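The structure appears below as structure tokens.
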Amino acid sequence: MLRYLAKRGVTYVFMIFLTTSAGYFLAVSSLQPALLEQERVPRPTPEQVANSMRLKGLDPDLSPWERYVEWLTGIVTRWDWGRSPNGAYINAEFGDRVWISTRLFLASIVLTLVIGVALGVYSAARQYKFQDRVITSYSYLAYIVPAPIAYFLVQLGAININETVGERIFFVTGISTPGMAPGWEQFVDMLAHYAVPTIAITLVGWGSYQIAQRQYLLDNVNADFVRTARAKGLTRNQAITRHALRVSFIPVAQSIAFTIPAIFAGGFFAEKIFAWPGVGSWSIDAISLQDVNAATATLAYGSVIFALGAILADFATTLVDPRVRVQ
């Protein structure tokens, strides 16, 4: 197992290095932070702009290769990912925003997986009945509706609830109320800010898992091993839960391993709409603000988390499929 992990780790480290390096060259060739610096009021002189960029490690007079060597040396020797054009340090910004993204998506990911898989099993066991048609119809609807529209609809619903009650129960934007004293009141305020984005992400996300789990389970319901189990005296539901479910969960487990990093790396819609300053919104802001180092750091983060997802997919397969063993 350790040898396998080492091989996979070396492969993915090399791939992450290539994608991050390519992303840096693309960013340094297309993004020009000095242009935004020149738009400040009062307008600085070209010499002042060049000196400011030079002090932040963004010297526009250097070639892309020279800037890349300087940037890579800082990472290797000091784990310093550079600075933004506004002077902020990438390391500090990245740490804060990763924690915010984790807080936003962790609960919704767990709820999405549990509800989606459970409803997939429930609807498959009641194929073509009223419950199955209702649940599956909603899943297809949630699957085809664009995520930003669904998030806006949930926001409007929360606003309508606040207006109907006559007081603010749910917060539709932000991560907390400024100036809140630590204690029970702060905890309740945090839950109020969590509720709307967590509900929105969950309602949008579990549909794909429900559809997949239902389809894979139905493919195995009439398999020979399930019929044999029923011939030995098991009921249909017992044969499904004890035998068909494990086999049908194999492809779902693989998709889960890749979906989790996809949510973390690509959750900029939710972060923008609900005003959570996480990694996703930071990656969009980095491009609009011509921030070379921030754009590259978010690319590296996405590469790392997708590599971890690939390793998790392998482990998920070995856990649920006894026919597969990691050599």
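Look through Tyr143, Tyr128 and report the one residue that is in contact with a Ser or Thr (Cβ under 7 Å, 6 or more places away or on another chain) and aromatic (Phe, Trp, Tyr).
Working: Tyr128 fails: in contact with a Ser or Thr (Cβ under 7 Å, 6 or more places away or on another chain).
Result of the check over Tyr143, Tyr128: Tyr143.
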Would a scan of the range 35-55 turn up a residue that is surrounded by 12 or more Cβ atoms within 10 Å (Cβ to Cβ), touching a residue at least 40 places away in the same chain (Cβ under 8 Å), touching a helix residue (DSSP H, G or I) at 6+ places or on another chain (Cβ under 7 Å) and assigned to a helix (DSSP H, G or I)?
-> yes
Reported set for the range 11-34 where residues are open to solvent by 60 Å² or more (accessible area, probe 1.4 Å) and not in a helix (DSSP H, G or I) is Gln32
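Does Ser248 qualify as being closer than 30 Å to Ala124 by Cα, modelled with pLDDT of 85 or more and hydroxyl-bearing (Ser, Thr, Tyr)? Walk me through how you get there before you give the answer.
Details: closer than 30 Å to Ala124 by Cα: yes; modelled with pLDDT of 85 or more: no; hydroxyl-bearing (Ser, Thr, Tyr): yes.
Against the criterion (closer than 30 Å to Ala124 by Cα, modelled with pLDDT of 85 or more and hydroxyl-bearing (Ser, Thr, Tyr)), Ser248 does not qualify.
Which residue is surrounded by the most Cβ atoms within 10 Å (Cβ to Cβ), if the candidates are limited to the range 278-287 and must be of a type in the set (A, V, I, L, M) and over 13 Å from the mean Cα position of the chain (by Cα)?
Within the range 278-287, the first condition is being of a type in the set (A, V, I, L, M), and the residues that meet it are 279, 284, 286-287.
Restricting the remaining residues to those that are over 13 Å from the mean Cα position of the chain (by Cα) gives 284, 286-287.
Details: Ile284: 15, Ala286: 23, Ile287: 15.
Selected residue: Ala286.
Looking only at residues that are more than 30 Å from Ala158 (Cα to Cα) and modelled with pLDDT under 80 in the range 251-277, which one is most open to solvent (accessible area, probe 1.4 Å)? Spell out how you get there, then give the answer.
Here is the first cut: in the range 251-277, the residues more than 30 Å from Ala158 (Cα to Cα) are 251-255, 257-258.
Then drop every residue that is not modelled with pLDDT under 80, which leaves 253-255, 257-258.
Numbers: Ala253: 8, Gln254: 72, Ser255: 45, Ala257: 7, Phe258: 93 Å².
Taking the candidates together, the pick is Phe258.
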Helices (runs of 4 or more DSSP H) enclosed by the range 82-199 - at least 1 residues per element that are of a type in the set (D, E, K, R) and surrounded by 17 or more Cβ atoms within 10 Å (Cβ to Cβ) = 90-125, 130-144
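The values are calculated or read from the model by the stated rules, or taken from the named source; none is laboratory data. No experiment lies behind these values; they were computed from the predicted model shown. FYI the Cβ positions are ideal-geometry reconstructions off the backbone, even for glycines, and counts take in every protein chain you see. Please note that ligands, DNA and RNA were not included when accessible areas were found on the heavy atoms of the full protein model with its side chains. Shrake-Rupley method; radii C 1.70, N 1.55, O 1.52, S 1.80 Å.
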